[in-house]
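Quick notes on the structure that follows.
The values are calculated or read from the model by the stated rules, or taken from the named source; none is laboratory data. Keep in mind that what you see is a predicted model, and the values were worked out from it rather than measured. Cβ placement follows ideal geometry from the backbone for every residue including glycine, while neighbour counts extend to all protein chains displayed. In case anyone asks, the SASA skips ligands and DNA or RNA and just uses the protein heavy atoms, side chains included. Shrake-Rupley method; radii C 1.70, N 1.55, O 1.52, S 1.80 Å.
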Amino acid sequence: MRKKHHPKKKISSTKKWSAKLHLWFGLSVGLIVFIVSLTGTLYVFKDEIQNSLRKEAIYVKEPTSTPLSINVLKEKITLEINEKYPVSAVEIPLDKNKSYKFSYYEKNKKGWNYFDEVKINKLVYVNQYTGEILAVYDEKYDFFNIVKYIHWSLLLNSTWGPYVVGIPVVLFIIMLITGIILWWPQNKKARKGRFWFNWNNVKTWKRKNYDLHNVLGFYASCIALLMSITGIYFTYPYVKNVFNFALSGSLELPKEKEIKSQDSLLAKNTSVFDLSAQETRKRYSSSSSFRISLNGKNKKGKELKNIPVLVYGKEGRFSERNQIVFDKYSGKLLSDKPHKTLSNAEKYANANYDIHTGSYFGLFGKIIWFIAGLICTSLPVTGFLVWWGKRKKQGKKIS
């Protein structure tokens, strides 16, 4: 008897177009997706690794006296480090057994790449009780910082470089969506091999590679979508506007109002930074640390009218941020904006970085993000091998 030939089910136009988009975008931006995924994965445990390597500089012996004045410490650093740029800021931990971190940071907006753009980025760990410099790290050439800027802009200028990465990430989001459409099984029989590997009778590497791409891609797709969307949130203003509108009903975040003080007519108090630090400790005694700008400029180089102090609620997290503003002449408190008083859109803006890196969900989140990052790194490789295997097979048929 002749075997009955069952006609193959027609592939829907949705799957056909999904397959084409998935292939075209994969071949066009696969290399950039590989680089961005790899660098993002390497960066996940940056804090844990650095804290371990810098343990001797981070911790000080049990304090026997009160900390020295911030101005005294700043002058001591300036003399010893002997840099042509001023000290930018200081991060003060609430834990008395941890050292102060003074930073130097200056940018050249005209630089076309990372190394030209960043003039200086140094971190100085200081024993606040003795004034001893414990360690100096050149963050400009630090492994994790270079990895971060490859991930962010492929080491190109930070103004337009992120778009070089952002466009491939948008295409990667489309690839993830089309990948899910292609993965979706048509019937119960096809469903069995879509959730896990069934390699009992599989001997060819092509089949195993296809399953790796298919199965791992499916499990990582949700986290990968979250990582990608939170990534382009930094790059494209309209993405941020969508989040703002969805969370708070307004396209833009409320702008910080410039606070004017009558004390600006007075002579500058030399203890203005210490007064600011003292008041911050009182108000946020249970926080992790706070950062004070010392050179009168923000990270973009814009002149500050007052002294803004950023207070970090938890170590290694940016999501819980409080902001206090002090008069830069007298040290008088001008405003206090706790995290709990922020709008939903403002809270999300603070949390986006932590969600992007997985730190928002603690150590468990970082582990999941690391695994998802490894899978995302593998997808362009396994996807290329799937295409190459099919190409060779078609080539043999033609000959």
Notebook entry, point to check: Any idea which of (1) of a type outside the set (Lys, Arg); (2) under 21 Å from VAL124 (Cβ atoms); (3) open to solvent by less than 60 Å² (accessible area, probe 1.4 Å) is the one PHE326 doesn't satisfy?
Noted result: (2)
Notebook entry, point to check: Does ASP336 satisfy the condition of being open to solvent by less than 60 Å² (accessible area, probe 1.4 Å) and over 30 Å from ILE229 (Cβ atoms)?
Noted result: yes
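Identify the residue in the stretch 59-79 that is open to solvent by 100 Å² or more (accessible area, probe 1.4 Å) and not in a helix (DSSP H, G or I) and, among all such residues, is farthest from LEU123 (Cα to Cα).
Within the stretch 59-79, the first condition is being open to solvent by 100 Å² or more (accessible area, probe 1.4 Å), and the residues that meet it are 59, 61-62, 64, 66, 75, 79.
Those still in the list that are not in a helix (DSSP H, G or I) too: 59, 61-62, 64, 66.
Working: TYR59: 15, LYS61: 20, GLU62: 22, THR64: 25, THR66: 23 Å.
Per the criteria, the residue is THR64.
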Next item on the list: Among what's in the stretch 266-286 and is outside any loop (DSSP other than H, G, I, E, B) and basic (Lys, Arg), pick the residue that is surrounded by the fewest Cβ atoms within 10 Å (Cβ to Cβ).
Entry: LYS282
Check: Which one of these does ALA135 not meet: (1) surrounded by 15 or more Cβ atoms within 10 Å (Cβ to Cβ); (2) modelled with pLDDT of 95 or more; (3) in contact with a strand residue (DSSP E or B) (Cβ under 8 Å, 6 or more places away or on another chain)?
Finding: (1)
Check: Conditions: (1) assigned to a helix (DSSP H, G or I); (2) modelled with pLDDT of 90 or more. LEU334 meets all but one. Number of the miss?
Finding: (1)
Notebook entry, point to check: Which number in (1) open to solvent by 50 Å² or more (accessible area, probe 1.4 Å); (2) over 23 Å from the mean Cα position of the chain (by Cα) marks the one condition that TRP152 misses?
Noted result: (2)
Notebook entry, point to check: Which ones in the stretch 100-114 are modelled with pLDDT of 95 or more and of a type in the set (Lys, Arg)?
Noted result: LYS101
Check: Can you find even one residue in the stretch 49-58 that is outside any helix (DSSP H, G or I) and of a type in the set (Gly, Ala, Ser)?
Finding: no
Check: All but one of (1) at pLDDT 95 or above; (2) more than 25 Å from GLU83 (Cα to Cα) hold for ILE180; which doesn't?
Finding: (1)
Notebook entry, point to check: Hey, does the stretch 17-31 have a residue that's at pLDDT below 95, exposed (fewer than 11 other Cβ atoms within 10 Å of the Cβ) and basic (Lys, Arg)?
Noted result: no
Checklist line | Selection status of SER52, buried (at least 16 other Cβ atoms within 10 Å of the Cβ) and within 28 Å of the chain's Cα centre (by Cα) | finding: no
Checklist line | First in the stretch 274-297 and more than 30 Å from LYS84 (Cβ to Cβ), second anywhere and open to solvent by less than 80 Å² (accessible area, probe 1.4 Å) and among the polar types (S, T, N, Q), Cβ under 7 Å, 6 or more apart | finding: TYR284/ASN322
Margin query: Quick test of your reading of the structure: VAL87 fulfils all but one of (1) out of contact with any helix residue (DSSP H, G or I) (no Cβ under 7 Å at 6 or more places or on another chain); (2) part of a loop (DSSP other than H, G, I, E, B); (3) open to solvent by less than 20 Å² (accessible area, probe 1.4 Å). Name the failing condition by number.
Written below: (1)
Next item on the list: Determine whether the stretch 102-115 contains at least one residue that is within 20 Å of ASP274 (Cα to Cα), out of contact with any helix residue (DSSP H, G or I) (no Cβ under 6 Å at 6 or more places or on another chain) and part of a strand (DSSP E or B).
Entry: yes
